[in-house]
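Notes to accompany the following structure.
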Amino acid sequence: MNATDSTTTEAPLPDYAPIPPSAFGPAPNEQGYYVGRVERNLYWVTDGVYQAAFLTTQDGVVLFDAPPSIGHNLQRAIDEIANANGVSSKVTYLVHTHHHADHAGASSLFGKDVVRIGHEETRRLLLRDDDPSRPAPEETFSDRRTLEIGGERIDLAWHGSNHTPDNSIIHFPDHDALMMVDIVNVGWVPVYVVNLSDDIPGYLAMPATALTYPWKTLISGHLGRLGTRDDVVVHQQYMADLEASAKTALATVDPTPYFQKYGAVGNMWGAVKAYLNAVGEATAAPVVEKYTGVLAAADVFTPDVAFWLMESMRLNHGIGLQVHP
Ligand SMILES: [Zn+2]
């Protein structure tokens, strides 16, 4: 088969619903980033898909996450702000929300002398991953830790396993801001396996935990704009609607035809897959309809999120499972 044959046999790419304007943030500059103030000396940087944050202090710059997609633009953004304000642009501290490479893979750009700080599980997982682009933090914490750097207060907190075993919250009490990454994608739906979460019940609990903190601005680690408390509430409602829809689907989708067709020939996995796919589709359908035009890409990723949320409800809560009589 030559290249022409393969293109002619490919299925056309799907068309999706338009992205609501409310999902977008400020346009990136020619170098591909936008940097803006959150409050006073706390800033955020985005490339439109990933976000990082930094504080300029008397003891240098404290950087929060280092996504490789922003990469060298992190220092460009810091230089832009520091030069305008006549303060140091040297990154002296790097605080990690979690170990994932897509939020930490530019860490090595900041050299060996930067003080890296993260949860003790972040250290363990980065030692395990042994990735030269992500050196393990030397400074760690277990549940809570308050940092005082250059006169600025930063509260780190771990509330149990969620998106990853180590994913932690960064609260800036003097800047009315919270950094909570890979939980709420501001203005957008979660992706794939409930935002690629290792612990789905833990993931589902995090938005309510975030709302127990006082803050006005959420730095969510993803997409092109900052978040508000209302963004967290809309996300919670979306997840609650999916849970309610999954309960209905598990109670109403009849497994009989799938087990008759595939069970008859001994293909038990064929039967299980066809049944659970049907439950997942029934879970997603009303939620896609409700949130199209409200949360961006509701039609793109809700089917995946619905399926894995439904599986978590079966396996972690026993919903839809029956004990044989
Ligand atoms: Zn992650």
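The values are calculated or read from the model by the stated rules, or taken from the named source; none is laboratory data. Just so it is clear, the model here is predicted, and its values are computed rather than measured. Here the Cβ is made from the backbone with ideal geometry for all residues, glycine too, and neighbour counts use every protein chain on show.
Just a yes or no: is a residue in segment 242-257 closer than 30 Å to P67 by Cβ and under 16 Å from the mean Cα position of the chain (by Cα)?
For segment 242-257, residues closer than 30 Å to P67 by Cβ and under 16 Å from the mean Cα position of the chain (by Cα): absent.
Of all helices (runs of 4 or more DSSP H) completely enclosed by segment 211-325, which ones contain at least 2 residues that are among the small types (G, A, S) and at pLDDT below 95?
none
I'd like the full set of residues that are polar (S, T, N, Q) and in a loop (DSSP other than H, G, I, E, B), limited to segment 25-69.
N29, Q31, N41, Q58, S69
Out of A17, A77, A23, A82, report the one residue that is crowded, with 17+ Cβ neighbours inside 10 Å and over 24 Å from F172 (Cβ atoms).
So the residue among A17, A77, A23, A82 that is crowded, with 17+ Cβ neighbours inside 10 Å and over 24 Å from F172 (Cβ atoms) is A23.
In this structure, does D65 turn out to be within 16 Å of the ligand (Cβ to nearest atom), touching a residue at least 24 places away in the same chain (Cβ under 8 Å) and over 20 Å from G221 (Cα atoms)?
No, not satisfied.
Using the structure shown, decide if H171 is in a loop (DSSP other than H, G, I, E, B), out of contact with any helix residue (DSSP H, G or I) (no Cβ under 6 Å at 6 or more places or on another chain), more than 16 Å from the ligand (Cβ to nearest atom) and touching a residue at least 24 places away in the same chain (Cβ under 8 Å).
So H171 does not fit the description; no.
In the list P165, P201, P190, which residue meets the criterion of being more than 13 Å from the ligand (Cβ to nearest atom) and either part of a loop (DSSP other than H, G, I, E, B) or surrounded by fewer than 24 Cβ atoms within 10 Å (Cβ to Cβ) (or both)?
Exactly one residue qualifies, and that residue is P201.
Matching residues to (1) surrounded by fewer than 21 Cβ atoms within 10 Å (Cβ to Cβ); (2) in a loop (DSSP other than H, G, I, E, B); (3) aliphatic (A, V, I, L, M); (4) within 16 Å of the ligand (Cβ to nearest atom):
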site: V87; (1), (2), (3), (4): yes, yes, yes, no
site: T92; (1), (2), (3), (4): yes, no, no, no
site: D102; (1), (2), (3), (4): yes, no, no, yes
site: K112; (1), (2), (3), (4): yes, yes, no, no
site: I117; (1), (2), (3), (4): no, no, yes, no
site: E121; (1), (2), (3), (4): yes, no, no, yes
site: L126; (1), (2), (3), (4): no, no, yes, yes
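Kindly establish whether S108 is modelled with pLDDT of 95 or more and assigned to a loop (DSSP other than H, G, I, E, B).
no
Out of N185, N195, I need the residue that is under 25 Å from V288 (Cβ atoms), out of contact with any Phe, Trp or Tyr (no Cβ under 7 Å at 6 or more places or on another chain), within 16 Å of the ligand (Cβ to nearest atom) and outside any helix (DSSP H, G or I). Which one?
N185
Any residue at all in segment 133-155 that's touching a strand residue (DSSP E or B) at 6+ places or on another chain (Cβ under 9 Å), in a helix (DSSP H, G or I), more than 16 Å from the ligand (Cβ to nearest atom) and not hydrophobic (A, V, I, L, M, F, W, C)?
No - not one qualifying residue is present in segment 133-155.
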